[in-house]
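Report on the following structure.
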Amino acid sequence: MPALHDGTEVSSYSEAWRHECEARWILKLGSLDERRAWLQSLEKRRGKAHVEQLKTTMRNLWAQHRAAVTTR
């Protein structure tokens with residue numbers, strides 16, 4: 001069973017897992033401009049609230065990554 005960035009175990013078929021995978025995928029895009037363009041097009045399709053949730057998840061994932069890197 002996969003775990004989210006906060007340690008919560010979820011089904012790999014859950015909306016929470018899909019959401020986190022999408023956030024991780026966007027973070028892996030090549031540049032900030034690409035991420036911004038993707039989020040802008042996503043906002044047109046899914047709405048501002050959805051994109052704001054993604055941005056929050058992305059910030060949490062980035063902060064967790066930065067914390068792990070600085071403690072090494």
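Things worth noting here:
- Within the stretch 25-58, the set of residues being under 25 Å from residue 6 (Cβ atoms), among the basic types (Lys, Arg) and loosely packed, with under 11 Cβ neighbours inside 10 Å comprises 28, 48.
- Any hit, the stretch 5-13, residues being within 10 Å of the chain's Cα centre (by Cα), on the phi < 0 side of the Ramachandran plot and of a type outside the set (Lys, Arg): yes
- In the stretch 5-29, the residues that are touching a residue at least 60 places away in the same chain (Cβ under 8 Å) form no Cβ pair under 8 Å with any partner that is not in a helix (DSSP H, G or I), whether six or more places apart or across chains.
- Helices (runs of 4 or more DSSP H) wholly inside the chain that include at least 3 residues being of a type outside the set (Lys, Arg) and at pLDDT below 95: 48-70
- Entry remark, the stretch 52-71: residues being farther than 15 Å from residue 35 by Cα and either touching a helix residue (DSSP H, G or I) at 6+ places or on another chain (Cβ under 6 Å) or of a type in the set (Lys, Arg) (or both) number 1 in total.
The values are calculated or read from the model by the stated rules, or taken from the named source; none is laboratory data. Computed from a predicted model, the values in this text were never measured in an experiment. We place every Cβ from the backbone using ideal geometry, glycine too, and count neighbours over all the protein chains shown.
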